[in-house]
2 protein chains.
Amino acid sequence: MQNFSFYNPVQIEFGKDKENHIGEYIAKFGVKKVLLMYGSERIKKDGLFDKVVASLAKNGVEFVQCGGVVSNPVLSKVYEAINLAKSSNVDGVLAVGGGSVLDSSKTIAAGARYDGDVWDFFIGKASPKDALPLFDIITLAATGSEMNDGAVVTNEQTKQKYAFSSPLVFPKVSVINPELMKSISKDYLVYSASDIIAHSIEGYFTASSHPELISKYIEANITTIIKTTEILLKNPDDYEARAEFAWAATNALNGTTYVGVENFSYPNHMIEHSISALYNVAHGAGLSVVMPAWMQWYKSKNEARFSRFAKEIFGKNSADEGIKALKDWFEKIGTPTKLRDFNLNKSSIDEITKVALEHAKAFGLADIYTKEVLEEILNLAY
Amino acid sequence: MQNFSFYNPVQIEFGKDKENHIGEYIAKFGVKKVLLMYGSERIKKDGLFDKVVASLAKNGVEFVQCGGVVSNPVLSKVYEAINLAKSSNVDGVLAVGGGSVLDSSKTIAAGARYDGDVWDFFIGKASPKDALPLFDIITLAATGSEMNDGAVVTNEQTKQKYAFSSPLVFPKVSVINPELMKSISKDYLVYSASDIIAHSIEGYFTASSHPELISKYIEANITTIIKTTEILLKNPDDYEARAEFAWAATNALNGTTYVGVENFSYPNHMIEHSISALYNVAHGAGLSVVMPAWMQWYKSKNEARFSRFAKEIFGKNSADEGIKALKDWFEKIGTPTKLRDFNLNKSSIDEITKVALEHAKAFGLADIYTKEVLEEILNLAY
């Protein structure tokens, strides 16, 4: 185990009815007025917005609202919301929605306390020195954003889908109620499963050493996602399955499976960001296309690790069988495994490669992920 | 999964050389003068004390010291240290040692900010409203105290070995350097293994429901402890084994394996506390005597769970074989499995039962753990 620091101060409130206490949770921090960020108007139709507003009112917390955050959230919306936060003098931010809403809100929370361009944080030009306190009710279990300090936003103009992180944007309180996730479409359920598996495998395969204990935690997360996804596809009302899916999602990217390891990277995310920056595909869908291809390419660097994956996750006897089993499982649950599934033709590979080369620099992966390597992986993914 | 709240703000600094930065970690919190608590003079002989003092000095942190904390820490020492903390006007507490030193320090941190008798916290008469910031360098991986907010202290006069907990006494920073744990005696290594397994199995067996994901985390912790203990008995210098042992110990009682479960209890600890309150046996040694006996008695309440334990931990086919395998393993590594091993005769059972009945009330277990039940378990343990 390599040296590490671990710090995660997020207060998790997990379970039924927790969203009705959001006002209490916020008021405890002395916050008087929040910017309430959300995505589509769905939360107004299904009653969640009303519950939130009622709880805020009950606890003396005012709010201004800003909807319209999209999947693969964009910088223009973040700028709009930062202006609203500043002009409305809010002293907190409340995100109600999925990872896109929360990542936008982390960016807004930091940007609202910064005089410069918040994109500076994403390109390494500056780092946040202050941020508004942040709270969330996460309605989709996928990104793990509810228990980490990272955010991903797309700069539409430059086609850069980059990230920043800062302990200042750990949510103070995250509400995770699996019942609020029930109405998720089948597509988004399976894209989420793909995202969570990607969070698990990036470190699992790329780290330079692998503590046994951490490997076991990762395998527990992956096998739980596989099992609960299959249950939920048949029975979306199964609360236990929904709850374990959600908690596995949170644990896949809250730092607990990234302790004691070094030199890991996120190449699957790096490549996927390039695809969704260009074509706006769902993040999880892009990942299920990239992962089997990347694994095929990466396998020879650490065949033993892939053999372990095959055995522990799928009960298979070889690295190749394990990779095939994952790809087959993605197809079985209905998330794409080929670039072709996005109605892209072969010329897209050049486009994606160009954008990926730039993302590779930002992700610190330019030495390994050269034009040739990227083309090879994308051809395998085609 | 039952509803839950999870909050753990401890900053972990794990690995080689981390103790040399303790002064920095403390100074970052604005602390100017600490009460340095420790156990035996060992840390003065092996150089750790000097490293700590040097780091404090380098970072402008003064200190007063108080040694002599014993295993199964006692209230009289806590009172002495609280007086010293108050009279020396410290604004922080630094524990350097094992769980006994840290638990004492949690109590001191809270007691130094309380005008009443700190034992009030242990008997439910009051709860802490304030506490000095607390820091630690944990030199023995067993109790998990470095990443939780609980403390156990024995009131020597009343023979009560009770606990209190408060988020105010979460350490701000815990340093875990496996290299500092190398010189632990073989006895304390195996007692630690027993303690960590007890932390794992209390909830694993007694909770009213068992999320699959959490069961897998617990099994990962237990199998890691078993494997690394065996390695360390042969090769105490194996850093990787020492590190994974330590991190499994931390995870066994930092709350991550107690989320989503209800109605669990700590009967093994309850009974063990009674034994060590009377006879001052090592905590882990008492636990390895209690556990197989308790499991034998408890088994019929949830035979399926014990079958799972047998299979997942030892590859055995029945509940009974699993319990025997654990007892055999304890004997193999050299931690006691019979009350007789403490040179106690059969009359001790009456004494222990009397004290255990009182502890049962404090632990909320008096309905289940009656005189008859306790005698049955202790006879099985004899």
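Restricting to helices (runs of 4 or more DSSP H) lying wholly in the stretch B:173-290: which have 2 or more residues that are open to solvent by 10 Å² or more (accessible area, probe 1.4 Å), modelled with pLDDT of 95 or more and more than 11 Å from chain A (Cβ to nearest Cβ)?
Result: B:186-206, B:212-234.
What's the total number of residues in the stretch A:310-356 that are open to solvent by less than 60 Å² (accessible area, probe 1.4 Å) and under 25 Å from the mean Cα position of the chain (by Cα)?
The qualifying residues number 23.
Looking at B:ILE12, B:ILE22, B:ILE43, B:ILE26, which is the one that is surrounded by 18 or more Cβ atoms within 10 Å (Cβ to Cβ) and modelled with pLDDT under 95?
Of the residues listed, the single one that is surrounded by 18 or more Cβ atoms within 10 Å (Cβ to Cβ) and modelled with pLDDT under 95 is B:ILE43.
Out of the residues in the stretch B:61-100 meeting the condition of being assigned to a helix (DSSP H, G or I) and of a type in the set (D, E, K, R), tell me which one is nearest to B:ALA163 (Cα to Cα). Talk me through it step by step, then tell me what you get.
Quick first cut of the stretch B:61-100, residues assigned to a helix (DSSP H, G or I) only: B:75-87, B:99-100.
The next check asks that each one be of a type in the set (D, E, K, R); those that pass are B:77, B:80, B:86.
Numbers: B:LYS77: 16, B:GLU80: 19, B:LYS86: 23 Å.
Filtering the stretch B:61-100 for residues that are assigned to a helix (DSSP H, G or I) and of a type in the set (D, E, K, R), the one nearest to B:ALA163 (Cα to Cα) comes out as B:LYS77.
Between A:LYS28, A:LYS33, A:LYS77, A:LYS45, which is touching a helix residue (DSSP H, G or I) at 6+ places or on another chain (Cβ under 7 Å) and either more than 14 Å from chain B (Cβ to nearest Cβ) or within 30 Å of B:TYR25 (Cβ to Cβ) (or both)?
A:LYS77
For the stretch A:291-303, name all the residues that are in contact (Cβ under 8 Å) with a residue 24 or more places away in the chain and open to solvent by 40 Å² or more (accessible area, probe 1.4 Å).
Within the stretch A:291-303, A:GLN296, A:ASN302 meet the criteria.
Whether any residue in the stretch B:302-320 is over 15 Å from B:ILE197 (Cα atoms), assigned by TED's automatic domain parsing to the domain that holds B:SER194, of a type in the set (Asp, Glu) and at pLDDT 95 or above is what I want to check.
Yes, some residue in the stretch B:302-320 is over 15 Å from B:ILE197 (Cα atoms), assigned by TED's automatic domain parsing to the domain that holds B:SER194, of a type in the set (Asp, Glu) and at pLDDT 95 or above.
Does B:ALA163 qualify as being out of contact with any helix residue (DSSP H, G or I) (no Cβ under 8 Å at 6 or more places or on another chain), open to solvent by less than 10 Å² (accessible area, probe 1.4 Å) and under 29 Å from B:ARG305 (Cα atoms)? Quick ask: steps written out before the conclusion?
On the way: out of contact with any helix residue (DSSP H, G or I) (no Cβ under 8 Å at 6 or more places or on another chain): yes; open to solvent by less than 10 Å² (accessible area, probe 1.4 Å): no; under 29 Å from B:ARG305 (Cα atoms): yes.
Considered against the rule, which asks whether it is out of contact with any helix residue (DSSP H, G or I) (no Cβ under 8 Å at 6 or more places or on another chain), open to solvent by less than 10 Å² (accessible area, probe 1.4 Å) and under 29 Å from B:ARG305 (Cα atoms), B:ALA163 comes out as no.
The values are calculated or read from the model by the stated rules, or taken from the named source; none is laboratory data. Keep in mind the model is a prediction, meaning the values are calculated, not measured. FYI the Cβ positions are ideal-geometry reconstructions off the backbone, even for glycines, and counts take in every protein chain you see. Heavy atoms of the whole protein, side chains included, go into the accessibility calculation; ligands, DNA and RNA do not. Shrake-Rupley method; radii C 1.70, N 1.55, O 1.52, S 1.80 Å.
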